[in-house]
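Note sheet for the following structure.
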Amino acid sequence: MEPSIENYIKNLVRDAILNLQFQNDRQTYVIANWKMNKTIAEASEFFQNLNGRQDVNIVVCPPAPLLYPIQLIIEQFKKPIGLGGQNVHWEEKGAYTGEISTEMLKDVGCEYAIIGHSERRQYFLEDDAAINGKVKKALKAGLIPILCVGETLEEKNLLQTEQVLSRQLFGALKDIETSQLIIAYEPVWAIGSGQSATADLAEQTHAYIRSVLERVLGKRAESISILYGGSVNGENAADYSRMPNIDGVLVGGASLNAASFDEIIDVFAKGEPNK
Ligand code: 13P
């Protein structure tokens, strides 16, 4: 065989093996974003009623004042559940009234932090540079960022989805070299609207997101879990779980009720063996 052809084939095989290794590292997550909902008593009732299977990564992101009480509740009920903040600041500490630092999140038992949620981009005017600062700070502190990206209805109608996602990903991941993060694709038009993206559309967009991640991070992008979020419920979760590039879900409304959150968890716990 010609040496050039032999090398070409060897490289193909090496890449395929590398891809498989990274794919096998990919974890499945079912993550609750409670937004600005629940008191301590309501949270306690929720965890009392939640089954929460062990064979999938479950994370709950409650409002900040509930983080420590929930940490205690999870310990008491011995639930295999991770804890995440809904936001984090890019500075270590200081005069930033109303903000929360990575150290504070870690102090109360958080392993994750949602960053760049569209509601924060919309209501609190977070831009890609601020989000990049937050992702960097979270990674430095050993928190796993759950980076949210997604287009608005207007951008979708203007066929700008890929352009928006690419800008958001390149902006948020500027100067970042690790794949120790989770991406959540949350089309803004699907959030809280009852109009979820079809599984086919979500899969197609996730594949695009993975291709952008590959441009930023190389082959390591294969190991990054990309979750879908936007009107996920017990009925549509199964469709998402069958898609090769959808590695779980980020759930708002349906995560507020233990029974409906359990339904979604069960779907992903029974997910395809190759995930
Ligand atoms: P809903 O599931 O209520 O549409 O919210 C999605 C979301 O924003 C999760 O972060």
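The values are calculated or read from the model by the stated rules, or taken from the named source; none is laboratory data. Since we're looking at a predicted model, the values are computed, not measured. Every residue, glycine among them, receives a Cβ derived from its backbone with ideal geometry; neighbour counts consider all protein chains shown. Only protein heavy atoms, including side chains, enter the accessible area calculation; ligands, DNA and RNA are left aside. Shrake-Rupley method; radii C 1.70, N 1.55, O 1.52, S 1.80 Å.
Place +1 on the Cβ of every Lys and Arg and -1 on the Cβ of every Asp and Glu in the stretch 1-151, take the dipole about the Cα centre, and give the residue among PRO63, PHE47, TYR96 whose Cα lies farthest towards its positive end.
Highest projection toward the positive end goes to PHE47.
Tell me which of ILE182, THR198, THR152 sits at the most positive position along the dipole axis of the stretch 131-275, charges placed on C-beta atoms (Lys, Arg +1; Asp, Glu -1).
Selected residue: ILE182.
What does the charge count near MET104 come to, summing +1 for each Lys or Arg and -1 for each Asp or Glu among other residues with Cβ under 15 Å from its Cβ?
So the surrounding residues net to -1.
Using the Cα centre of the chain as the reference point, and only Cβ charges (+1 on K/R, -1 on D/E), how large is the resulting charge dipole? Debye, rounded to the nearest 20.
The dipole of the chain has a size of about 440 debye.
Can you give the angle from 0 to 90° between the axis of helix 199-217 and the longest principal axis of the chain, with both taken from C-alpha atoms, to the nearest 10?
Tilt relative to the chain: about 70 degrees.
If you count the DSSP beta bridges with both ends in the chain, what percent of them are antiparallel, to the nearest 5?
About 0 percent, rounded to the nearest 5.
Which whole-Hz couplings ³J(HN,Hα) result when phi for each residue of the stretch 171-187 is put into the Karplus expression 6.51 cos²θ - 1.76 cosθ + 1.60, θ = phi - 60°, listed in order with x for Gly and Pro?
In residue order, the calculated couplings are x, 6, 9, 4, 6, 10, 10, 9, 9, 7, 8, 10, 10, 10, 8, 10, x Hz.
Starting from the Cα gyration tensor of the stretch 1-135, take the square roots of the eigenvalues, sort them a ≥ b ≥ c, and report rounded, prolate or oblate (rounded when a/c is under 1.5, otherwise prolate if a/b is larger than b/c, else oblate).
oblate
Using a 1.4 Å probe over the heavy atoms of the protein chains, calculate the carbon and sulfur portion of the accessible area of the chain as a whole percent.
C and S atoms contribute 51 percent here.
Angle, helix 67-77 long axis vs. longest principal axis of the chain, Cα atoms, 0 to 90°, nearest 10?
So the helix axis and the longest Cα principal axis differ by about 90 degrees.
So how compact is the chain: Cα radius of gyration and Dmax in angstrom?
Just the Cα atoms of the chain yield Rg and Dmax of 18.9, 72 Å.
Based on the Cβ-Cβ distance from GLN122 to GLN163, what FRET efficiency comes out when R0 is 25 Å, to the nearest 0.05?
In this case the efficiency is close to 0.85.
Run the helix sum for the chain: -39,500 (n - 2.57) per DSSP H stretch of 4+ residues, divided by residue count, reported at 222 nm to the nearest 500 deg cm²/dmol.
The helix-only estimate for the chain comes to -13500 deg cm²/dmol at 222 nm.
Could you give the length gained on full extension between GLU99 and ALA259, defined as 0.36 nm per residue of separation minus the Cα-Cα distance, in nm?
Separation in residues times 0.36 nm, less the Cα-Cα distance, equals 54.4 nm.
Could you tally the net charge around LEU66, taking each other residue with its Cβ under 11 Å from the Cβ of LEU66, Lys/Arg +1 and Asp/Glu -1?
So the surrounding residues net to 0.
Taking the mean number of other Cβ atoms within 10 Å as a proxy for protection, how do you rank 222-233, 58-69, 155-166 from highest to lowest?
222-233, 58-69, 155-166
Skip the ligands, DNA and RNA, and give the accessible area per residue of the stretch 131-256 with a 1.4 Å probe, whole Å².
For the stretch 131-256, the solvent-accessible area averages 39 Å² per residue.
Once the Cα atoms of helix 258-269 and of the chain are each reduced to a long axis, what angle between those two axes, in degrees from 0 to 90 to the nearest 10, is obtained?
That works out to roughly 20 degrees.
Measure off 7 Å from each Cα along the Cα-to-Cβ vector at LYS174 and PHE77, then give the distance between these two points in nanometres to one decimal.
4.2 nm
Using the Cβ atoms and a cut-off under 10 Å, what net charge is assigned to the surroundings of SER196, where Lys and Arg are +1 and Asp and Glu are -1?
Every neighbour counted, the sum reads -2.
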